[in-house]
Amino acid sequence: MEVLKKRFLICQFTILFIGLLTLFPLQAQEARFTVVLDAGHGGHDPGAQSASSREKDINLAIVLDLGSIIEQKFKDVKVVYTRKTDKYLTLQERADVVNEHHADLFICIHTNASPSSAAFGAETYTLGLAKTKANLDVAMRENSVILMEADYRTKYKGFDPKSIDSYIMFEFMQDKYIDKSVEFSSTIQKQFVSYCRRSDRGVRQAGFWVLHRSACPSVLVEVGFISNPAEERFLTSEQGQQEMANAIFNAFVDYKRTHDKKSGRQMSSVSKIEQPARSEEHNQKQQEVAERPKQDIDTVIKRTKSEKKIITPKNSTQTPVFKVQLFVSPKRLKPTSTLFKGVNDVDSYAEGGMTKYTVGNDSDYSKIVKVRKEIISKFPNAFIIAFVGDKKITAREALKLNK
């Protein structure tokens, strides 16, 4: 009898032990950080379009690149995709994916569009009341996909993406995830500037249904304008898509590290992807093309390769003089223009049919570097140029002449 009792206890202990071994991996899996990546639009919904490209394709390419990097670098992160192919999902279905997987973070990728081909730059949205018409326009455009659904008024509780009145609801909404969402959005925008050298349109708020229905910190990234020929070329290129994915990944590294610290977990040792090296000529060309009206894009590209004659300024000395180029305009601006963002003593010169605005004028390169640091927050794409007499040269060429 005692023998049978011992065998029974041993059997019970074995069953319990095996059960615990099975439970631990499940608990570890449930504890993994989960990020949901959403490629906006898809299937019969192309999103914004140009003559040669579609938003849905750009969004998906960036999402797949981003997800691949996170999966490779973070072993403790579960990556969930709302779509990995060209298929259509409703906004509610996308939010359902987030909630069903109890996501810790939700990242929506979209591509912007504007009636003006001159609009450019990247911006990141969090949920909130759209305080400007531009923000409201973006939210209305992205929410309008629900109009493709039958009986959308019932499914979306009377929400009408075309009615301004429907967006008043977001004014009274308290989003407990807003602080983390804004924090992550700000980090993304900083990476777009520092890593991709893209123009920063800032962190914005608007009433996006998919963010409203997702129970976790959520952001919607507009990576650039498909309506701007230069940005379209960048965003449809493999290099451009990878760079945008890398920038968002770098922001994710910072966010995950902060999340681990606040959660009492061991912080990840994953490093950010280093910024690619670019020449001053590359920065100048990218800036000029991005700000040039559509009809003159190809002309500017041809001129910047061959045209070297400068109309102004005239320097009497052959010693290189350094300046910081702020931006390019197709027309001459008044000194009181708000585009100067309060920066004083702005100079200009003409090249390739464009007016190019600079600040600073010194033969001491270190002083111009300091000037650039002082204004970089206002002009993220500013870069250093140099003149020898009437001839413009790169900063690198000028530094060689000074040796």
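Within the range 235-260, residues that are touching a residue at least 12 places away in the same chain (Cβ under 8 Å) and under 16 Å from Thr34 (Cα atoms) have Cβ atoms under 9 Å from residues that are among the small types (Gly, Ala, Ser) and buried (at least 20 other Cβ atoms within 10 Å of the Cβ) in these pairs: Ala251/Ser185, counting only partners at least 6 apart in sequence or on another chain. Scanning the range 329-369 for residues that are under 30 Å from the mean Cα position of the chain (by Cα), hydroxyl-bearing (Ser, Thr, Tyr) and over 19 Å from Val388 (Cβ atoms) yields Ser329, Ser337, Thr338, Thr355, Tyr357.
Taken as a whole, the condition of being part of a strand (DSSP E or B), modelled with pLDDT under 95, under 25 Å from Gly42 (Cα atoms) and of a type in the set (Val, Ile, Thr) applies to Thr126. Checking each residue in the range 350-403 for being part of a strand (DSSP E or B) and modelled with pLDDT under 80 picks out Glu351, Met354, Thr394. Quick check, is Val80 part of a helix (DSSP H, G or I), within 12 Å of Val35 (Cα to Cα) and among the aliphatic types (A, V, I, L, M)? For Val80, the condition - part of a helix (DSSP H, G or I), within 12 Å of Val35 (Cα to Cα) and among the aliphatic types (A, V, I, L, M) - is not met. In the range 307-316, is there at least one residue being modelled with pLDDT of 80 or more and of a type outside the set (S, T, N, Q)? No, the range 307-316 has no match at all.
The values are calculated or read from the model by the stated rules, or taken from the named source; none is laboratory data. Keep in mind the model is a prediction, meaning the values are calculated, not measured. Neighbour counts run over all protein chains shown; Cβ positions are idealised from the backbone, glycine included.
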